[in-house]
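Written below as structure tokens is the structure these notes are about.
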């Protein structure tokens, strides 16, 4: 969804910065400035550098919740009976940026829920200081990951809930952009 949203904002005339990890997806629209990162920490740093400059920030994908405690630059040799992998929590980029949010900015987040979707999405909306949250579900055929389509519900900070039917992700992106721009105009 991130690339589709970046393209939709660019099509609407916005200057767009897209912070992205490795992917085969390509930016379609000219004017989208791609900032490529490899790690969750690099993504955090890139977002922290940009956050004060943007009117709208969209947090469309979660990076890993945990990161290996120790990193190695060399191959880990086989032959050991067991390997103990210690993980530490990764910084929650959206929550961290939400704490830096300025008056007049609009923040949009995504939530993938498998049960009590509306309730959990509303909690995430408040916890991360979002103005809008886009709820995804894997319960509907053709929605979620690995498809060109999605079915979402949008919830804004005023409690308004808009449910959308299954449609192409490019059309969902336009819906997200339209809603974010309306919120920005009323900020």
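Do we find that residue 94 is within 25 Å of residue 176 (Cα to Cα), in a loop (DSSP other than H, G, I, E, B), touching a residue at least 24 places away in the same chain (Cβ under 8 Å) and in contact with a helix residue (DSSP H, G or I) (Cβ under 9 Å, 6 or more places away or on another chain) in this structure? Can you show your working first?
Numbers: within 25 Å of residue 176 (Cα to Cα): yes; in a loop (DSSP other than H, G, I, E, B): no; touching a residue at least 24 places away in the same chain (Cβ under 8 Å): yes; in contact with a helix residue (DSSP H, G or I) (Cβ under 9 Å, 6 or more places away or on another chain): yes.
Criteria not met by residue 94.
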Restricting to strands (runs of 3 or more DSSP E) lying wholly in segment 30-72: which have 2 or more residues that are surrounded by fewer than 18 Cβ atoms within 10 Å (Cβ to Cβ)? 32-36, 66-68
Restricting to segment 1-29, what's the tally of residues that are buried (at least 18 other Cβ atoms within 10 Å of the Cβ) and part of a helix (DSSP H, G or I)? 9
Could you tell me which residue of segment 123-139 is nearest to the chain's Cα centre (by Cα), considering only residues that are under 12 Å from residue 113 (Cα atoms) and assigned to a loop (DSSP other than H, G, I, E, B)? 138
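Among the candidates 103, 134, 172, which residue alone is within 23 Å of residue 6 (Cα to Cα) and surrounded by fewer than 15 Cβ atoms within 10 Å (Cβ to Cβ)? Break it down stepwise before answering.
Numbers: 134 fails: surrounded by fewer than 15 Cβ atoms within 10 Å (Cβ to Cβ); 172 fails: surrounded by fewer than 15 Cβ atoms within 10 Å (Cβ to Cβ).
Result: 103 is the single residue among 103, 134, 172 that is within 23 Å of residue 6 (Cα to Cα) and surrounded by fewer than 15 Cβ atoms within 10 Å (Cβ to Cβ).
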Scan 173, 180, 143 and give me the residue that is more than 21 Å from residue 9 (Cα to Cα), within 17 Å of the chain's Cα centre (by Cα) and touching a residue at least 12 places away in the same chain (Cβ under 8 Å). 143
Among the residues of segment 97-122, write down those that are touching a strand residue (DSSP E or B) at 6+ places or on another chain (Cβ under 8 Å), within 18 Å of residue 183 (Cα to Cα) and outside any helix (DSSP H, G or I). 101, 105, 106, 107, 108, 109, 110
If we keep just the residues of segment 116-125 that are within 17 Å of residue 59 (Cβ to Cβ) and touching a residue at least 24 places away in the same chain (Cβ under 8 Å), which is surrounded by the most Cβ atoms within 10 Å (Cβ to Cβ)? 121
Return yes or no: is residue 185 modelled with pLDDT under 95 and surrounded by 15 or more Cβ atoms within 10 Å (Cβ to Cβ)? no
Which residues, taken from segment 17-52, are within 17 Å of residue 180 (Cβ to Cβ) and modelled with pLDDT under 95? 29
May I ask you to list pairs of residues, at least six apart or on different chains, whose Cβ atoms are under 6 Å apart, with the first in segment 50-72 being within 18 Å of residue 33 (Cβ to Cβ) and the second being at pLDDT below 90 and surrounded by 15 or more Cβ atoms within 10 Å (Cβ to Cβ)? 60/1
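The values are calculated or read from the model by the stated rules, or taken from the named source; none is laboratory data. Everything numeric here is computed off the predicted structure, so don't read it as measured data. As a convention, Cβ positions derive from the backbone with ideal geometry for all residues, glycine included, and neighbour counts pool all protein chains shown.
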